[in-house]
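To keep things clear, I will list the structure first and then write my remarks on it.
The values are calculated or read from the model by the stated rules, or taken from the named source; none is laboratory data. All values reported here derive from a predicted model rather than from experimental measurement. Positions of Cβ are backbone-derived with ideal geometry, glycine not excepted, and every protein chain shown enters the neighbour counts. To get the accessible areas, we keep the full protein, side chains included, count just its heavy atoms, and leave off ligands, DNA and RNA. Shrake-Rupley method; radii C 1.70, N 1.55, O 1.52, S 1.80 Å.
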Amino acid sequence: PHIIVFISGNGSNLQAIIDAVQSATLKCKIDLVVSNRKSAYGLTRAEQAGIPTLVFPLKPYRDAGKTRIEYDIDLANKIRDYKPDLIVLAGWMHILSKEFLDHFNDNIINIHPALPGQFDGANAIERAYEAFKKGEITKTGVMVHKVIPDVDKGESLIIEEVPIFESDTLEDLEERIHSVEHRHLVLFKMEDSNANAKRKRTLDIVVDTPN
Ligand code: GRF
């Protein structure tokens, strides 16, 4: 199977995927890394691994008075020739509209540093940390989920709880969550159930249960 990874920043989750592909833990090929930010360090990680990159920022669209949907349609058109079996959002900080999602037949997954239904959207770790300090929650978590137009709300494929301790600084919690994310994101295995059929098939994403 062929995948495309979308990033916006550091790309430590991308690195986890690259490492898993290089060690053949994950049997797929990363055909392209897309970033909406030119300065994303993940682009350097991709280049070091010999993976082609595409930088596709929103700003020129905003400056030209174009809509997010126009951006999404152009982005979909730029990558559709790769015919990815799966798109992995690994720290991609844009919401993708239905117009984009429809192009890729539901085969898009996202990693989110919170449990389902908690802290959807940006700054999830910080918000969980604050909620813990206020006594509102005792734990947080990580999930990999299918992407639907509602932010961070698609069906969960992998969920793991992450404890928060009284002594934690925000940095401690971030570090604990990121290490769970890096282990998690590479647990998906793709089974091409219908390899010879048209590319429009549905791809089964088989997920190993974490120990
Ligand atoms: C991760 O915490 C991811 O869950 C969130 O953004 C962060 C990206 O980190 N959506 P990185 O760029 O993979 O290091």
Inset, instruction - Could you identify the single residue in Arg37, Arg80 that is within 15 Å of the ligand (Cβ to nearest atom), of a type in the set (D, E, K, R) and over 18 Å from His182 (Cβ atoms)? - result: Arg37
Legend entry - Flag if Lys139 is touching a strand residue (DSSP E or B) at 6+ places or on another chain (Cβ under 9 Å), modelled with pLDDT under 90 and surrounded by fewer than 16 Cβ atoms within 10 Å (Cβ to Cβ): no
Inset, instruction - Determine whether the range 161-178 contains at least one residue that is surrounded by 16 or more Cβ atoms within 10 Å (Cβ to Cβ) and modelled with pLDDT under 95. - result: no
Legend entry - Near pairs, Cβ below 6 angstrom, 6+ apart or cross-chain, from the range 1-30 (part of a strand (DSSP E or B)) to any residue that is among the basic types (Lys, Arg) and more than 8 Å from the ligand (Cβ to nearest atom): His2/Lys29
Legend entry - Residues being open to solvent by 40 Å² or more (accessible area, probe 1.4 Å) and either free of Cβ contacts under 8 Å to residues at least 40 places away in the same chain or under 16 Å from the mean Cα position of the chain (by Cα) (or both) - total across the range 94-118: 8
